[in-house]
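To start, the structure itself, in structure tokens.
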């Protein structure tokens, strides 16, 4: 082969390698930056319904939503039009976890803890959505806005704002409407008597707000939550309480404000529950 032809072929080869490398680099996603069209290629997929993994598949994501799942295809048009590609070879993709009981916090035990640390810790654990059931809601609303806009690396945020109740039905309903206007996705109720809770539940239903109920030792229990259409009972408090023949057998030294006491005797409470009432 003439030397000049060899040089041309060699130069063409290096140019091809350079362009391929440049193309690959241009498709590499940048951390913390949301792109319009993303492809996760060659991944094994778990769809979350109990079926076994399948793959390899390509997942097409547009505007932060999965819009297509197909068998892996190295020549697919969507690979050429994607803004970024993540190589999922030998890796597994599964639906993001939802933390149903979270608290946005920038301190723990009196020590500062940046929101950024907590948000990235959740993401690192595969949590892509959190339901906040108690925090500084002005800060929570700002985090929710920034997350939705792609301004920060964070899970999606649902804010279930704490509803304190009131002294009469009109005051209670006004408070629920106020929280809705503030930006609540739902309400968190805590240690509330049955009559007050039913008013909250009725107004929340009218406004399309879901309810999370931390049922304390009170007259309301899981039966009331079922009748009120409560979405979730927090910590499962109130479930065995609904199956008691009378009042819980509290030991003499029981202190409700001692969380260890509450958790310890909450477990033992199942022994006092009537099996026929748990059906």
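Just so you know, all these numbers are worked out from the coordinates, no wet-lab data involved. Just so it is clear, the model here is predicted, and its values are computed rather than measured. Every residue, glycine among them, receives a Cβ derived from its backbone with ideal geometry; neighbour counts consider all protein chains shown.
Details
- Relative contact order (%) - the chain, alpha-carbon pairs under 8 angstrom, separation at least six: 10
- Taking packing as the residue-averaged number of other Cβ atoms within 10 angstrom, the listed peptides 55-61, 141-147 run from highest to lowest as 55-61, 141-147.
- Under the criterion of Cα pairs below 8 Å and six or more residues apart, the relative contact order for segment 187-279 equals 24 percent.
- In the chain, the longest principal axis of the Cα atoms and the axis of helix 3-26 are about 10 degrees apart.
- Rounded if a/c under 1.5, otherwise prolate or oblate - segment 97-277, Cα gyration tensor axes: oblate
- A Gaussian network model of the chain, with springs between Cα atoms under 10 Å, assigns the largest mean-square fluctuation among 166, 96, 50 to 50.
- Value of [θ]222 nm, deg cm²/dmol, for the chain, DSSP H segments ≥ 4, -39500 (n - 2.57) each, nearest 500: -11500 deg cm²/dmol
- From the alpha carbon centroid of segment 59-84 to that of segment 192-242 is 43 Å.
- Choice from 40, 66, 233 with maximal GNM fluctuation in the chain (Cα, 10 Å cutoff): 66
- Ratio Rg/Rh, restricted to segment 25-93 and using Cα atoms, in which Rh is the Kirkwood radius: 0.96
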